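Comments concern the structure below.
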Amino acid sequence: MLGLRGPRLPSAGILLLLPFLLLLLPHAAPALHRASYKPVIVVHGLFDSSYSFRHLLEYIDETHPGTVVTVLDLFDGRESLRPLWEQVQGFREAVAPIMAKAPQGVHLICYSQGGLVCRALLSVMDEHNVDSFISLSSPQMGQYGDTDYLKWLFPTSMRSNLYRICYSPWGQEFSICNYWHDPHHDDLYLNASSFLALINGERDHPNATAWRKNFLRVGHLVLIGGPDDGVITPWQSSFFGFYDANETVLEMEEQLLPSLAHQSELPLLRLVGLKSRGKRKRQVGREFWCQESWGPGLSCALS
């Protein structure tokens, strides 16, 4: 691919994800009952493919024999640059029959850009049955940083002026621009973003209430990321944190748009079911929160 390096998911990244499967999948059971494990659906990231997750498949097969694992082989390689709403529709058609065959529910593991695709899926699917949504190193609050991918795609633009491309109708035809979030041009972002501002609830739209209700059907939400990510910028975006206009990272609970100051909760907080102003989280599922290390620079959150 024009000298572009391959997907950034190292084998270590997969290995750091594996302990979560021990939490989310049923405990070891006799062979007779192994067929009861919930199916696992994996959605890859930017410039990625199903091949990148072969080690994950091997691990699940070894530790939970009989588990049905599907790594969706859609929008591989350069096709992952297609607009995210187009990808959401494609993945929706792929996951619907899997969910229909699993009335007990499924687990959804989504990497990088795939985490945004999955979050949109969970918002637009009225009757999804996702028990656990694992977002692995995904820019849930957007991206604002130079990466090899961006330099390859837009070689003459740096992060400070990329908004001129991304916040145009032409730019929104690229998946990367669908979640480009320039903190210095927030008004342009809110008006031009055809994807992230909508699924974050930052811009009002007729489906906002329905999307929130759909998303809250998720049993468990797992967010994984860390300062050694090397691509997601800021890395706190994996936890819905992001820059303010001074490029100071604000955690999700600290974010309050001036235009919404009169409201008691942020649209984003309402979307994921968490209270602002330091109040205790209203959990989507069982209560669990962790800040311990799962490896170099990685921390986790499960709700």
Gyration tensor (alpha-carbon) shape descriptor, the stretch 46-140, a/c threshold 1.5: oblate
Three-way shape call for the stretch 52-202 based on the alpha-carbon gyration tensor, with the a/c threshold at 1.5: prolate
Sequence ranges 54-67, 73-86, ranked by mean other-Cβ count within 10 angstrom, highest first: 73-86, 54-67
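Taking the Cβ of LEU74 as the center, what net charge do the other residues with Cβ under 14 Å away carry, scoring Lys and Arg +1 and Asp and Glu -1?
Numbers: positive: ARG78, ARG82, ARG92; negative: ASP48, ASP73, ASP76, GLU79, GLU86, GLU93.
With Lys, Arg at +1 and Asp, Glu at -1, the net is -3.
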Cα gyration tensor, the stretch 185-258 - rounded (a/c under 1.5), prolate or oblate: oblate
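So, R0 is 51 Å and r is the distance between the beta-carbons of SER50 and HIS184; what FRET efficiency does that work out to, to 0.05?
On the way: r = 37 Å, r/R0 = 0.74.
So the FRET efficiency works out to roughly 0.85.
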Heavy-atom accessible surface of the stretch 123-233: percent carbon and sulfur, 1.4 Å: 52 percent
Packing rank of 36-42, 110-116, 213-219, where each peptide gets the mean count of other beta carbons within 10 Å, highest leading: 110-116, 36-42, 213-219
Accessible area per residue in Å² at 1.4 Å probe, computed on the stretch 198-259: 47 Å²
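Skip the ligands, DNA and RNA, and give the accessible area per residue of the stretch 40-150 with a 1.4 Å probe, whole Å².
On the way: 3730 Å² over 111 residues.
On a per-residue basis, the stretch 40-150 sits at 34 Å².
The values are calculated or read from the model by the stated rules, or taken from the named source; none is laboratory data. Just so it is clear, the structure is predicted and the values come from calculations on it, not from any experiment. Note: ideal-geometry Cβ built from the backbone for every residue, glycine included; neighbour counts use all protein chains shown. The accessibility values were calculated without ligands, DNA or RNA, using every heavy atom of the protein model including side chains. Shrake-Rupley method; radii C 1.70, N 1.55, O 1.52, S 1.80 Å.
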